[in-house]
Amino acid sequence: TSTVVGSSSLPTVSTPTATAVESTTVSNSVMLSTSVQLAPTSTVVGSSSLPTTVKPTTSVNTTVTPTAIPTPGVGPRQPFILFANQDFIRISDLNGDRQQVVVNNSGRFIPHIAVGIDFDARNNYMFWSDISRRQVMRARLDGSEITTLIDSGIEVPDDIAYDWISEKIYWTDASHLEIEVVDLSGNGDRRILLKTGEQSVPRAIVLDPVTRWMYWTDWGSPAKIEKASMDGLNRTVIHSTNLAWPNALTIDYENQYLYWADAML
């Protein structure tokens, strides 16, 4: 497969800093990290090499107690990392000193190839996509209340993103070549936002619910990073140089920078 998901044990290494904000996603492995400012221009502002270790898909959250990692939302807020690695989903502090598996192959649910992951900080839910089961799932951050949200009409859900304002899940489908959305607020409305085109391979996706923009990477020819309004309109290419397999996205909401990782460079 074209998705790097790491190994079943997490190596003890220093990882790049990730800002703990409402909805930040870091990604996969041994990649070149770069950034573009989300201003009228899309100037590349720098790059740095990440440590040479495979790094699983990761989400940074801010609702965990310092004494009990799997019990978020109680006491002082401390940043933590939530990450998926094929057959488990694990939670850790930012140093990697304290880790706990919250969903694994000995529990109530067996993720086959869990790749995309995001979270709902208000309600302490995590969401993930499984490209083997062809599903989008949800559970509490302690691993309870596991629920299948989407299990039909989906082929390769490479990544997902949660809109915490409108309570909607967005995902890319690299087989159907589209971006879809489902409303979790009650009506369950699901629709295709846009078709990305025959030469495209949509991969990572991230949202800015405040400005109402969504951003995604494309492994197609040529590789690029695009944006559109969160209703699927106003589609624009914002970066298309020095890219090969852009495989992850995250937003610095405060400073309006977009960061990505590349699985080939």
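Using R₀ = 22 Å, calculate the FRET efficiency as 1/(1 + (r/R₀)^6) where r is the Cβ-Cβ separation of T241 and E155; round to 0.05.
In this case the efficiency is close to 0.15.
Classify segment 106-189: rounded, prolate or oblate, from the alpha-carbon gyration tensor (a ≥ b ≥ c, eigenvalue square roots; a/c under 1.5 rounded; otherwise prolate if a/b is larger than b/c)?
Judged from the Cα gyration tensor, segment 106-189 comes out oblate (a/c at least 1.5, b/c at or above a/b).
Can you list residues whose amide H is under 5 Å from I150's amide H, if they're 5+ apart or on another chain and H is modeled 1.01 Å from N?
So I150 has HN proximity to V136.
Just need the relative contact order of segment 128-215 here, percent rounded to a whole number, with Cα pairs under 8 Å and 6+ apart.
Details: 185 pairs, mean separation 18.1, N = 88.
Relative CO of segment 128-215 lands at 21 percent.
Work out the P(r) tail for segment 116-265: percent of alpha carbon pairs separated by more than 22 Å, whole number. Don't skip to the answer; put the middle values down first.
Numbers: 3988 of 11175 pairs.
For segment 116-265, the share of Cα pairs beyond 22 Å comes to 36 percent.
I'd like the Karplus ³J(HN,Hα) series for segment 186-199: coefficients 6.51, -1.76, 1.60, θ = phi - 60°, whole numbers in Hz, and an x wherever there's a Gly or Pro.
Each residue's phi maps through the Karplus curve to give x, 8, x, 4, 10, 7, 7, 6, 7, 8, 7, x, 5, 8 Hz.
Only sites in a loop by DSSP and with at most 16 other Cβ atoms within 10 Å count here; which trypsin sites (Lys or Arg not before Pro) in segment 156-233 make the cut? Please report the intermediate quantities before stating the final value.
Numbers: sites: K168, R190, R191, K195, R203, R212, K224, K227; in loops: R212.
Sites meeting the loop and neighbour criteria: R212.
Keeping every protein chain in place, order T196, T147 by accessible area at 1.4 Å, biggest value first, i.e. largest first.
From most exposed to least exposed: T147, T196.
What FRET efficiency would be calculated for the residue pair Q199, N255, taking the C-beta separation as r and a Förster radius of 41 Å, to the nearest 0.05?
Working: r = 33 Å, r/R0 = 0.80.
The formula returns an efficiency of 0.80 here.
Compute the whole-percent fraction of alpha carbon pairs in segment 176-256 spaced more than 22 Å apart.
25 percent
Skip the ligands, DNA and RNA, and give the accessible area per residue of segment 167-265 with a 1.4 Å probe, whole Å².
41 Å²
In what order, largest first, do L177, L141 sit by accessible area if the probe radius is 1.4 Å?
Most to least solvent-accessible, the answer reads L177, L141.
The values are calculated or read from the model by the stated rules, or taken from the named source; none is laboratory data. Because the structure is a prediction, the values reported are computed rather than measured. Positions of Cβ are generated from backbone atoms using ideal geometry, with glycine treated the same way; all protein chains shown enter the neighbour counts. Just so you know, the surface numbers come from the protein's heavy atoms only, side chains and all, with ligands and any DNA or RNA stripped out. Shrake-Rupley method; radii C 1.70, N 1.55, O 1.52, S 1.80 Å.
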